Each structure stands twice: as structure tokens, then as C-alpha cells.
1. Relative contact order of segment 60-108: what whole-number percent is it, with Cα pairs under 8 angstrom and at least 6 residues apart?
2. So who's got an amide H within less than 5 Å of the one on C111, skipping anything under 5 residues away but keeping other chains? H placed 1.01 Å off N, in plane.
3. Stretch K5-S77 to full length: gain in nm at 0.36 nm per residue minus the Cα-Cα span?
4. Could you sort out which of K44/K101; K51/K75; K43/K86 sit more than 22 Å apart by Cα distance in this structure?
Amino acid sequence: MSVYKIYDILHEVVNMKLFLSILLVFFLSACQTIENKSEAIGKKEVKEISKFIQQPESELKIVMGEPDEIKYDDKGSKFFIYKKKKYGITCERKFEIDQSKMIIGVSSRGCF
């Protein structure tokens with residue numbers, strides 16, 4: 001094996017490492033961009049449904065319709081749960097309603 005062949009092989013290895021490094025940086029930045037976008041969408045969703053806090057249960061029903069599910073806890077609160085599916089992902093919005101029929105809490109999962 002000549003010195004030139006070894007040099008060519010080493011040169012190819014260095015080029016491949018450089019290429020893989022650049023590719024890795026590209027993928028990591030793309031993942032961060034997706035994470036940032038999903039976080040922004042999540043914040044927007046929470047802000048939107050938080051408008052219902054301190055509103056009566058009847059207002060929620062006017063805007064959102066009848067809930068898909070109603071659950072109760074030991075403290076006397078009930079939860080209206082609204083579900084819908086988009087692109088195979090289930091969006092679940094949950095509203096906590098106290099005994100005086102006022103919305104006191106909201107949560108959202110999988111909504112965009």
C-alpha cells in the first residue's frame with residue numbers, strides 16, 4: 001500500500017466526519033425548531049382556554065357545546081372533558097368546575 005492511498009483514505013475519513021458533524025448539527029437544530037413551535041402552540045392553546053376561568057359552566061356549554069365526558073372528584077368538583085381527533089392525535093381539553101358551577105381550572109393535552 002502506498003503512502004498516497006493511505007493519505008486518500010485518511011482524507012475521505014476526515015471528510016466523512018465533517019459531513020456527519022454538519023448533518024448532526026442540522027438535525028439537532030431542526031428538532032429544536034419543532035420543539036419551539038409546539039411550545040408556542042401549547043402556550044397559545046392554554047391562553048385561549050384560560051379565558052373560561054371564572055366563567056359560569058353555562059358559558060362554556062354555549063361556546064364548546066356539551067362535553068364528551070363528565071367526571072367528578074372527591075372534593076365535589078366536576079370536570080367537563082372535550083375530545084377531538086386531528087391527524088390521529090387526540091386533543092383533550094379539561095375544565096374543572098366547582099360546586100357553584102364556576103370554572104376554576106383548565107388543562108389541555110395534544111391540542112394544536
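Throughout, read-outs are computed from the coordinates displayed, never taken from laboratory work. Everything numeric here is computed off the predicted structure, so don't read it as measured data.
1. Computed value for segment 60-108: 25 percent relative contact order.
2. Result for C111 returns E92.
3. Between K5 and S77, full extension yields 18.3 nm more.
4. Beyond 22 Å between Cα atoms: K44/K101; K51/K75.
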